[in-house]
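The values are calculated or read from the model by the stated rules, or taken from the named source; none is laboratory data. It should be emphasised that the depicted structure is a prediction, and the values quoted were computed from it without experimental measurement. Positions of Cβ are generated from backbone atoms using ideal geometry, with glycine treated the same way; all protein chains shown enter the neighbour counts.
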Amino acid sequence: MKRKITLKDIGKLEGQMIDNQKAGLSELPAPFENLDDQPDIKELTASQKAKFDISLDGVSAIGLVKPQTKEEEDEFVKKFLSGLKKLLSKENNWTFLQPLMLSLENCAKCQNCSDACPIYTESGRQEIYRPTYRAEVLRRIIRKYLKKEGRLLSKFTGSDIDLNYKTIARLAELSYRCTICRRCAQSCPIGVDNGLITHEIRKLFSQEMGIAPKELHQLGTVQQLKVGSSTGTSPKALASFIAFIESELEELTGKPIKLPVDKEGADILLLHNAGEFISWPEHVEAFALVFDAAGIDWTLSSKLVAYDSVNYGVWYDDVQLARIAARHAQAARDLKVKRMMVGECGHAHKAMLVVSDRVVTGDLNIPRESAIPLLEDIVLNDRIKLDPGKNRFPVTLHDPCNLVRLSGIVEPQRRIIRKLCPDFREMEPHGVDNYCCGGGSGFAIMDNANFADWRDVVASRMKLKQILGAFKDVMSPEVHKYVCAPCSNCKGAIRDLLARYELTEKHGIHYGGLVDLIANAMVDIKGQFIHWDEA
Ligand code: SF4
Ligand code: SF4
């Protein structure tokens, strides 16, 4: 039977707070009704268990190594408290202090947000994954340990939380059991943003304690600043990718199509998530094809950092976010382009179009836009010749949270698909009510220990249900089906989800970007642009 977990347990319970997660999971539709046919969350090996702190739920996202002595534990707690003080001060948190305080001070405990959270509901309503759980733990620590008047009050109200190593270690892991999709915030009648609280907790751990998933920090931001891209792609490697893409384009169209690089004064500096060059070069090809055919004046940059729209700091660390945002803007200024444009990458929309407003100012504040409305203009105004008959296969659309809920880009992608895909079927719910792919806030690239198992089984569970629902009448493997995901991270999460449940092999479900569907409909391309064995 599921143990009843309370807030106080975070600092008291011995062992794992929850175990055997699979048993409590929500039911899946056909063909996965049987729990035994579903993938497992691997138990860690004895040596992993000895090394990593997995006392939250048996999963290790951040690879937190257990302290060896009581002194180390005490030091850990001390650092957390000092970081928390800074998080709550104007001088040290000028970026997000106001929205953080509004969210910390105003929760009415109505629990509307809980039903909106796919991680909470799909886990079988595990208390520790409730949107308010981590927020309330933070509130109570602040009240009891940072506010004098709170000490007495918390005793009377029974809201005491022990501030010890266990509490803080579990809170650190818990900040990586939320994808910052902000569906909860949208459902809150008073606008409390539990996603933002998650972000701020992550920020405290990263900026003040040096704790962040290696995939986001060392292999992400640090590598991007040093080598040029979070994928490890150097400018030299970029040149070879571009040469390869140009040769593919020539083979496809029979004419040379160049990808402009470092073109001074271009109208648009296009920034792709550099993962596209490695994992989905056909997506970069599709952009080049469509832009070339429509006569767009555009360029890529070959400057370190500026050929990768990635800015992982947006998920965990304001300092890292600012470093990358400034480098992006500097490259655009040096090239004297009129505007910067983000390709199909959701978190880059958030970093470049929204959060950068707080960090790139003055002459670095260059106009920044999404590529989706431009693609809409090209398609809806017939700037290139397209034949919807070439897209006669079932298509559904995944809405990246940062595109729809955060940036308000909801209809342009739909107008494109409605015009080009005769068998378009919406997921339910969709648009601003969408569910995260499960890969948001870095989850798509995080793979420490058994974290990717947990992501595919719990965080992506609702997306799996939506995809199965959209294609339930055409599940035969002979029918090619396409999940359109206009975001690199969402594509990565959906790729892993389809592989985990063998949905491509056994049920013909493929995935890809939005511009790929446009390229596939181009009358100038002989045959199909989309290769089903790769999509
Ligand atoms: S919906 Fe808003 S007010 Fe209600 S519990 Fe959730 S965060 Fe608090
Ligand atoms: S931001 Fe998303 S994942 Fe995080 S608590 Fe809210 S609804 Fe759940």
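Figure legend. Inter-residue proximity from the range 69-89: first residues more than 15 Å from Leu138 (Cβ to Cβ), second residues aliphatic (A, V, I, L, M), beta-carbon distance below 8 Å, spacing 6+ or different chains. Indicated pairs: Phe76/Ile168; Phe76/Ala169; Phe76/Met209; Lys79/Met209; Ser89/Leu97. Tell me which of these Asn112 doesn't satisfy, since it passes every other one: (1) within 15 Å of ligand 2 (Cβ to nearest atom); (2) surrounded by fewer than 24 Cβ atoms within 10 Å (Cβ to Cβ); (3) closer than 22 Å to Gly11 by Cβ. With (1) within 15 Å of ligand 2 (Cβ to nearest atom); (2) surrounded by fewer than 24 Cβ atoms within 10 Å (Cβ to Cβ); (3) closer than 22 Å to Gly11 by Cβ applied to Asn112, the lone miss is (3). Scanning the range 343-367 for residues that are buried (at least 24 other Cβ atoms within 10 Å of the Cβ) and either in the same structural domain as Asp423 (by TED's automatic domain parsing) or not in a helix (DSSP H, G or I) (or both) turns up Gly343, Glu344, Cys345.
Output yes when any residue across the range 435-444 is closer than 28 Å to Gln186 by Cβ, more than 16 Å from ligand 1 (Cβ to nearest atom) and either free of Cβ contacts under 8 Å to residues at least 40 places away in the same chain or surrounded by fewer than 19 Cβ atoms within 10 Å (Cβ to Cβ) (or both), and no when none is. No, that holds for no residue. Of the candidates Ala50, Ala61, Ala23, the single residue that is of a type in the set (Gly, Ala, Ser) and surrounded by 17 or more Cβ atoms within 10 Å (Cβ to Cβ) is Ala61. Restricting attention to the range 126-146, the residues being without any contact (Cβ under 8 Å) to a residue 40 or more places away in the chain and either away from ligand 1 (no atom under 14 Å from the Cβ) or farther than 17 Å from Lys109 by Cβ (or both) number 2. Scanning the range 175-206 for residues that are away from ligand 1 (no atom under 16 Å from the Cβ) and out of contact with any Gly (no Cβ under 7 Å at 6 or more places or on another chain) yields Ser175, Tyr176, Arg177, Arg202, Lys203, Phe205, Ser206.
Can you find a residue that is in contact with a Cys (Cβ under 8 Å, 6 or more places away or on another chain) and either in a helix (DSSP H, G or I) or surrounded by fewer than 23 Cβ atoms within 10 Å (Cβ to Cβ) (or both) anywhere in the range 499-511? No: the range 499-511 contains no residue that is in contact with a Cys (Cβ under 8 Å, 6 or more places away or on another chain) and either in a helix (DSSP H, G or I) or surrounded by fewer than 23 Cβ atoms within 10 Å (Cβ to Cβ) (or both). Listed by position, the helices (runs of 4 or more DSSP H) contained in the range 188-278 that have at least 2 residues being of a type in the set (Ser, Thr, Tyr) and more than 16 Å from ligand 2 (Cβ to nearest atom) are 235-253.
Here Asn92 meets the list (1) closer than 18 Å to Met209 by Cα; (2) away from ligand 2 (no atom under 14 Å from the Cβ); (3) surrounded by 20 or more Cβ atoms within 10 Å (Cβ to Cβ) almost entirely, failing just condition (3).
In the set Ile62, Ile119, Ile141, Ile54, only one residue is within 14 Å of ligand 2 (Cβ to nearest atom) and of a type in the set (A, V, I, L, M); that residue is Ile119.
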